[in-house]
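Some notes on the structure that comes next.
The values are calculated or read from the model by the stated rules, or taken from the named source; none is laboratory data. This is a predicted model, so every value here is computed, not measured. Every residue, glycine among them, receives a Cβ derived from its backbone with ideal geometry; neighbour counts consider all protein chains shown. Remember, those area values only see protein heavy atoms, side chains included, never the ligands or the DNA or RNA. Shrake-Rupley method; radii C 1.70, N 1.55, O 1.52, S 1.80 Å.
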Amino acid sequence: NEARLKKPLEGLLKILGSTAILPATKKAIRTREKEIRARIDRVKERLPYLFSCMATIEKIVDIAMTRGSDEEQPEESKENQDLTCEFCYEKCIKGTTRKCPFCKSIVYCSSDCLQLNWMLHQKSCILLRKYPAPTTKEQINEDGKAIFTRFLQKILLQASLKGFSILFCFVVVDMAESTPLLRTLTPEQFFQSYMLEEEVVQKSKETFERNKDDGALTVSFVGFTEEGLSVSVLTFPSDVAPLHLGPSVREAIDTERWSAAQREVSGKSFQPGMLQKIQANPKLWQASLLQTMKP
């Protein structure tokens, strides 16, 4: 819960900020700069966790990395001069450079090299991220179902805030980090976010299209196993829609039950016209969306 942790975290960051100019603090941060910045990148892509404090954390790192006039300026390392692709070892060109979307520590010259190197990088990716511990695909699916059931209303509300029909997006419970992330993604966003083999992509597309016609949800559970990233694409049929949300869900025909559940949640969460007002205001929409994404 960010509200509960925000005050003590801000106090800790204030202390760190005041000591960031001290030699011992600078040395500690400089020796782990790459790891710290990789973690910052991961958190920034997984809003809203620590979002309000992220600017302060980045500022502390920048202060620690700034060398005073009395400090010896080191020769720029080759790593800082030229970024080299992990797969083809060619020099990375600005504008096409890509980082591993999970550990943020490995650099590639293009999306193609990122995809080609994924099978080789998966195990080291788990070690670089350090958490959570790898588990089994079966356990990921069991945990995902529990999270989906517990936070279903927030998932439905998130889709409404984005202007999506819940049937026209992938519902993702991403457990690749220690705090699960709830996501509602278009097919394009889903396939860009998770590196899947072409055969898996094709099967996922077929499942998604079939589910749309049947009024079923397409749900994906994501996590890490010993073998690497696990992405399961499952079907949640209309007969498991939450009938307790309201009479419109119980009375809807099979193919409309999930849509009715989404309308019930939106109707109870906002006054008339409020949802449209939030969607029309980017800042208001983002603030509201961040709140609904918290498990």
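Out of all the residues in region 8-24, is one or more at pLDDT below 85, among the small types (Gly, Ala, Ser) and either over 22 Å from the mean Cα position of the chain (by Cα) or open to solvent by 50 Å² or more (accessible area, probe 1.4 Å) (or both)?
So far as region 8-24 goes, no, none of its residues is at pLDDT below 85, among the small types (Gly, Ala, Ser) and either over 22 Å from the mean Cα position of the chain (by Cα) or open to solvent by 50 Å² or more (accessible area, probe 1.4 Å) (or both).
So that you can scan it fast, the table gives a plain yes or no per residue for (1) open to solvent by less than 30 Å² (accessible area, probe 1.4 Å); (2) modelled with pLDDT of 95 or more; (3) of a type in the set (Val, Ile, Thr); (4) not in a helix (DSSP H, G or I):
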| position | (1), (2), (3), (4) |
| --- | --- |
| Leu156 | yes, no, no, no |
| Arg183 | no, no, no, yes |
| Gln189 | no, no, no, no |
| Thr207 | yes, yes, yes, no |
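For region 80-122, which positions are touching a residue at least 40 places away in the same chain (Cβ under 8 Å) and within 23 Å of Glu226 (Cβ to Cβ)?
Pro101, Phe102, Cys103, Lys104, Ser105, Leu114, Gln115, Trp118, Met119, Gln122
I'd like the full set of residues that are hydrophobic (A, V, I, L, M, F, W, C), open to solvent by 30 Å² or more (accessible area, probe 1.4 Å) and part of a helix (DSSP H, G or I), limited to region 258-274.
Met274
Would you check which residues across region 122-133 are part of a loop (DSSP other than H, G, I, E, B) and of a type in the set (A, V, I, L, M, F, W, C) and list them?
Hit for region 122-133 is Ala133, nothing else.
Which of the residues that make up region 91-121 are part of a helix (DSSP H, G or I) and either in contact with a helix residue (DSSP H, G or I) (Cβ under 7 Å, 6 or more places away or on another chain) or open to solvent by 30 Å² or more (accessible area, probe 1.4 Å) (or both)?
If the condition is that a residue be part of a helix (DSSP H, G or I) and either in contact with a helix residue (DSSP H, G or I) (Cβ under 7 Å, 6 or more places away or on another chain) or open to solvent by 30 Å² or more (accessible area, probe 1.4 Å) (or both), then Ser111, Asp112, Gln115, Leu116, Met119, Leu120 are the ones that fit.
Out of Lys59, Lys44, I need the residue that is at pLDDT below 85 and open to solvent by 60 Å² or more (accessible area, probe 1.4 Å). Which one?
Lys44
With the structure loaded, tell me whether Ser220 is in a helix (DSSP H, G or I) and either touching a residue at least 24 places away in the same chain (Cβ under 8 Å) or within 21 Å of the chain's Cα centre (by Cα) (or both) or whether it fails that test.
In short, no.
Evaluate the following for Ser248: is it within 25 Å of the chain's Cα centre (by Cα) and open to solvent by less than 80 Å² (accessible area, probe 1.4 Å)?
Taking the combined requirement at face value, the residue does not satisfy it.
Among the candidates Ile140, Ile147, which residue alone is touching a Pro at 6+ places or on another chain (Cβ under 6 Å), touching a residue at least 40 places away in the same chain (Cβ under 8 Å) and part of a helix (DSSP H, G or I)?
Ile147
With (1) modelled with pLDDT of 90 or more; (2) open to solvent by less than 40 Å² (accessible area, probe 1.4 Å); (3) more than 24 Å from Ile278 (Cβ to Cβ) as the list, and Glu142 as the residue in question, which single condition is left unmet?
(2)
Collect the residues in region 168-181 that are aliphatic (A, V, I, L, M) and surrounded by fewer than 22 Cβ atoms within 10 Å (Cβ to Cβ), keeping them in residue-number order.
Correct list: Met175, Leu181.
Output the residues belonging to region 191-205 that are surrounded by fewer than 18 Cβ atoms within 10 Å (Cβ to Cβ) and either touching a Phe, Trp or Tyr at 6+ places or on another chain (Cβ under 8 Å) or among the acidic types (Asp, Glu) (or both).
Glu197, Glu198, Glu199, Val201
List every residue pair whose Cβ atoms sit under 7 Å apart, with the two residues 6 or more apart in sequence or on different chains, where the first one lies in region 253-265 and is within 11 Å of Ala159 (Cα to Cα) and modelled with pLDDT of 90 or more and the second, anywhere, is open to solvent by 20 Å² or more (accessible area, probe 1.4 Å) and not small (Gly, Ala, Ser).
Val265/Gln153; Val265/Leu157
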